[in-house]
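Step one of this worksheet: look at the structure below.
The values are calculated or read from the model by the stated rules, or taken from the named source; none is laboratory data. What you are looking at is a predicted structure, and each value in this text was computed from that prediction instead of being measured. Methodologically, a virtual Cβ is constructed for each residue, glycine included, from the backbone with ideal geometry; neighbour enumeration extends over all protein chains shown. The accessibility values were calculated without ligands, DNA or RNA, using every heavy atom of the protein model including side chains. Shrake-Rupley method; radii C 1.70, N 1.55, O 1.52, S 1.80 Å.
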Amino acid sequence: MTHRITLIPGDGIGPEVVGAARRVIEATGVSIQWEEINAGGEALKRYGKLLPEELLEAIKRNKVALKGPITTQVAEGFPSLNVRLRKMFDLYANFRPIKNLPNVPCRFGDLDLIVVRENTEDLYAGLEHEVVPGVVESLKIITEKASTRIARFAFDYARQHHRREICAIHKANIMKLSDGLFLNCVRAVAQEYSDVKYRELIVDNTCMQLVMNPQQFDILLLENLYGDIISDLGAGLIGGLGLVPGANIGIDGAIFEAVHGSAPDIAGKGIANPTAVMLTSVLMLEYLKESEAARRLQNAIEQVYREGKHLTRDVGGRATTEEFTDAVVKAISAP
Ligand code: NAI
């Protein structure tokens, strides 16, 4: 079967790492017809729009997209296209597995935790306004509907994959209404899954626990902002942002993208680590039910790390993006 997939290269290191991921996916032999359309600055030049209609139509039609990072201007009036895409297609579950790879220098081994982040609301609703000069309000939106469905996603995943425990992260001691509602919804769902262990932890304590004893965690269930921050903290625990994959999953489609951004500091130098987007591709292949190809790609990446000869600079090696990619392609093709 041929899969039609929307390919969004993004900007910064996006085209470099997404191009590398495309090569290794193709090396697995899976039949894919790519429909490549960009978003962001590149799209503005070509289509006159940051999010061209052609792209939105393709995402709707193909249901699955592989996306590179897109730079977000800090200036007012430039909303994050990444956040807009997630909301537009109601990709409510952000799924980010954080797991050690061999030979990567980092402070902790044996880490295998998953961040499940609500992806559509919270302070990312983008509702900000000036009340009077010198005073602004940013609205934190938490709903029963979104909190319940992200909890259900996490518990379903835990049950299906025999995970140890779900820990809901919150600040309900201060934000009694908003985080309180989130917690109440998660607790109600937890009651339906008596086979999955459940506990709760306040977000500041969680940060401390994560840098002292991260092995205690299994699945972390969080609202949007806490999930965003804890994802990068988690990436730091296993050796950096070049390693952590991600998926934005909705009811009827998904956009696969790594946790990292466009990394303007290293863009265009050919040194970015494409591992995160390659592992993201493993998640995508699993979603497409191409389990054999997913397994081969995962094994090939792990093999290149075990050998340790073609690793990129961020993880202590000297290889370029292309050399690392060549090594993964070779490992996939090896008998
Ligand atoms: P970043 O994730 O782009 O970079 C943070 C640090 O990690 C940098 O030192 C960078 O060189 C390094 N890094 C990231 N990915 C790497 C890789 N694959 N290989 C090696 N090193 C890597 O975060 P930053 O600098 O805060 O954001 C840059 C831009 O990206 C911003 O405009 C931000 O809004 C955007 N962004 C976009 C995302 C998306 O499209 N999903 C996600 C996060 C940020």
Could you name the lysines whose alpha carbon sits less than 21 Å from that of residue 60, not counting residues in the same chain fewer than 8 places away? 49, 87, 289
Each label point is 7 Å from the Cα along the Cα-to-Cβ direction; what then is the distance between the points at residue 137 and residue 160, in nm? 4.0
One would report the antiparallel percent of DSSP beta bridges in the stretch 106-238, rounded to the nearest 5, as 30
For a label point 7 Å along the Cα-to-beta-carbon line of residue 127, residues of the stretch 219-241 with backbone N under 17 Å: 224-225
Candidate aspartates and glutamates for bridging to residue 309, where Cα separation is under 13 Å - those fewer than 8 sequence places away on the same chain excluded: 323, 326
Among bridges DSSP assigns within the chain, what percent are antiparallel (round to 5)? 40
Which lysines have a Cα lying under 17 Å from the Cα of residue 171, excluding residues fewer than 8 positions away in the same chain? 140
Gain upon complete extension [residue 211, residue 232; 0.36 nm per residue less C-alpha separation]: 6.3 nm
Which percent of the accessible heavy-atom area of the chain goes to carbon and sulfur, probe 1.4 angstrom? 53
Evaluated at 4 °C with a viscosity of 1.567 mPa s, what Stokes-Einstein diffusion coefficient in µm²/s does the stretch 164-314 have when Rh comes from the Kirkwood expression over alpha-carbon pairs? 74
In this structure, the FRET efficiency calculated for residue 36 and residue 145 from their beta-carbon separation, with R0 = 30 Å, to the nearest 0.05, is 0.30
Per residue, accessible area of the stretch 106-238 with a 1.4 Å probe, heavy atoms of protein chains only, in Å², comes to 48
